Protein chains: 2
Amino acid sequence: MRLKVAIQGIKGSNHHQVAREYFDDDTELLECMSFDALVESLLNGTADKGVMAIENSIAGSIIPNYNLIYHNKLHVIGEHYLHINHNLMVLKGSAIADLSEVRSHPMALLQCKEFFRNYPQIKLVEDADTAEPAKRIQEEQLAHVAAIAPQVAAELYGLDIVAPNIQTIQNNATRFIIVQTKNKLVAQMDEKFSEDGVNKASVRFITDHKRGSLAAMLNVMSDCNLNLTKIQSLPIIETPWKYAFFVDITFEGFANFEKAKSLLNIMSEDFKVLGEYKNARL
Amino acid sequence: MRLKVAIQGIKGSNHHQVAREYFDDDTELLECMSFDALVESLLNGTADKGVMAIENSIAGSIIPNYNLIYHNKLHVIGEHYLHINHNLMVLKGSAIADLSEVRSHPMALLQCKEFFRNYPQIKLVEDADTAEPAKRIQEEQLAHVAAIAPQVAAELYGLDIVAPNIQTIQNNATRFIIVQTKNKLVAQMDEKFSEDGVNKASVRFITDHKRGSLAAMLNVMSDCNLNLTKIQSLPIIETPWKYAFFVDITFEGFANFEKAKSLLNIMSEDFKVLGEYKNARL
C-alpha cells in the first residue's frame, strides 16, 4: 500500500515540493485546503503522514500550527528545510506588461512586494495558496493575472515563468515538519523505533511567572549539553501570567536528552515532548 | 496643534479603537493601508505617533512588525491591550440567512471559523482589514455580504450587528504598541522624560550559538530582578546559527534595569533597547 501524505494546499504548492523531497516518489498526495483539514485527515486515518510549514526565516513561527500539534497530540517525526523561490508565472503568451493582478498566498506577496513597486498597475490580491491561482490561470485562461508560486506549479499547470526568484530576501528558508498521530507511532515503534540518528527534539512546557523559572530550565538544558535552536513564549490564554514555551533543542547523545527530560519534567508544568527526530539543518 | 496618530487600517478598525482608548479625544487620525505605510508616515513626519498591533494571545507575535521597529530605529513609548470582540455586521434589513459571503482580515476569519461551520453557504473571503469591508457594505449597499469588525465600525458605517462576539475563544487580547521616531523622543526628553512609571522594556540582542549563551543572559535578568514577559527567537537570515531575540521585561526599580542593561550589552552582540515604557497589563 502506498504511503498517503497530506499536504496543505494543492499540488504545485511548496508543501508538495517538500513531500517530493522528503518522501520516496511512491506516495499518494492528499490535498488539504487548510491546516485544520490536514490534521483532521491524520486523526481520521485518511492520511498516514502530514507535511506542515512551521516557521519561516522572515515571518517567524506559525504559532497556530504549534497549537494544532499540541492540542491534537500529534507527533513530529521529522523536519525539512525548503529554500523558497517565488516565481512570477503567467499564461503562455502573456507578458508582465499585460498584467493587472497577481495572486498568491499573503506571505508570498509580502516577500515579493519590493518587486512590484516598479509595477504599480499590478494589484496584489491575497489567495489561500500559492499553487491554486496558478491552476486557475490555466483553467480559466486568465491572460491578465499572474501567480507567484514554486517552479513545480509552472510545470504542472503549463505556465511560463516571466520573472524567477522575485523575493526581496534571497536567503529565505522555510522549515516544514512531518507529523503523524501517536497511534501510528506506537505501532511503528514496536517494529523499528531507534534512537539512531535522533538528535533534535521539540518540547512544550509551562512555567509560572516566578522570576528565573525560564532561566532555570535553560540552565538545565545547557548543563545537559543541549543546544537551543528556537524558543517562543506564548501566553496561556485562560491563565494570566502563565506562559507556555515551545522550544527546539539539538543534542549529540540521546542519553543527554533523556537526562534533561527527567529534570525538565520535574521543574515545569505539563512538560511534553512533541517529537524526537533527526536534525535536517546542515 | 493636534497630535497626529497613524493607525493601520481605516477608521472603525481595532487600531482606531486603541487610538481612542490610549490618547485623548483631540487627535487627528491618519489611516495607513499597511504597517509599512504607517512607519513611513512616522519617518517623514506626517504623523507624530503610530499604533501598531504586535502580538495576539492566539496567533503569537507579529514578527514583521518587530523587524520594522528595529530596522527603522523606532522607539516603543507605550503599550495597550485591547480585548478583541468580533461582531458580524450587515446592511440594515439583512439577516444571516441572506448572506453568501463574509469579509474580514484573515486573523478575524481564523478566530471566527467555528461560528461559520453552521453556515456552509457563507464563503469566507480575506480582506486587508476589518473595517474596510464594513465601509464598503454601506457604500455599495451590499445586502449579501457581511463584515467581521469591531463595534465602532458598525457605529461609523451604520450597520446592524446580527451576531456579536462570534470569536471561538472569548478571552482574546491583542497587544498594541505606541511607536514614534527617536528624533521626536529626543526632543521630548529634553523637556520631560522621566523614569517615573517606567516599568517595562523591549530589547533585542544577538547571541552566537554557543551553548548556554541565552541561559547566561536570562540569569543576569533574573539576578537583576527583571521578569521576562515574552521571548521570541528569530534566526538571523544572513548568518546561520546566529539568533536574534526579542525580549520583553518588567521591573520594579529603573536602577535594576539600568544595571542589567550594562551587563547584557557586554554579554551579547548588538544589544538594543527598543523602548522603555509603562506596563499596561493589570
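The values are calculated or read from the model by the stated rules, or taken from the named source; none is laboratory data. This is a predicted model, so every value here is computed, not measured. Cβ coordinates were reconstructed from backbone atoms using ideal geometry, including for glycine residues, and neighbour counts include every protein chain displayed.
Table for the structure above
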read-out	value
In the range B:203-228, the residues that are more than 8 Å from chain A (Cβ to nearest Cβ), within 17 Å of A:Lys230 (Cα to Cα) and in a strand (DSSP E or B)	B:Arg204, B:Phe205, B:Ile206, B:Thr207
Residue list for the range B:137-166, restricted to those being assigned to a strand (DSSP E or B) and without any contact (Cβ under 8 Å) to a residue 60 or more places away in the chain	B:Val145, B:Ala146, B:Ala147
Boolean, A:Asn87 is buried (at least 19 other Cβ atoms within 10 Å of the Cβ), over 26 Å from B:Asn56 (Cβ atoms) and over 13 Å from the mean Cα position of the chain (by Cα)	yes
Count of residues meeting criterion [among the hydrophobic types (A, V, I, L, M, F, W, C), touching a residue at least 12 places away in the same chain (Cβ under 8 Å) and assigned to a helix (DSSP H, G or I)] in the range B:254-282	6
Considering residues of the range A:247-282 that are surrounded by 15 or more Cβ atoms within 10 Å (Cβ to Cβ) and hydroxyl-bearing (Ser, Thr, Tyr) only, the residue nearest to the other protein chains (Cβ to nearest Cβ)	A:Thr250
Selection from the range B:82-109 of residues that are without any contact (Cβ under 8 Å) to a residue 24 or more places away in the chain and of a type outside the set (Gly, Ala, Ser)	B:Pro106
Close pairs from the range B:110-133: first within 11 Å of chain A (Cβ to nearest Cβ), partner assigned to a loop (DSSP other than H, G, I, E, B) and surrounded by fewer than 17 Cβ atoms within 10 Å (Cβ to Cβ), Cβ under 9 Å, at least 6 apart	B:Gln111/B:Thr168; B:Gln111/B:Ile169; B:Lys113/A:Ser34; B:Lys113/B:Thr168; B:Glu114/B:Thr168; B:Ala128/B:Met33; B:Ala128/B:Ser34
Index of the failed condition, A:Tyr70 passing every other in (1) within 30 Å of A:Tyr243 (Cα to Cα); (2) surrounded by fewer than 20 Cβ atoms within 10 Å (Cβ to Cβ); (3) more than 14 Å from every other protein chain (Cβ to nearest Cβ)	(3)
Of residues in the range B:119-136 being assigned to a loop (DSSP other than H, G, I, E, B) and among the hydrophobic types (A, V, I, L, M, F, W, C), the one modelled with the highest pLDDT	B:Ile122
Filter result for A:Ser233 (of a type in the set (Gly, Ala, Ser), assigned to a strand (DSSP E or B), surrounded by 18 or more Cβ atoms within 10 Å (Cβ to Cβ) and without any contact (Cβ under 8 Å) to a residue 60 or more places away in the chain)	yes
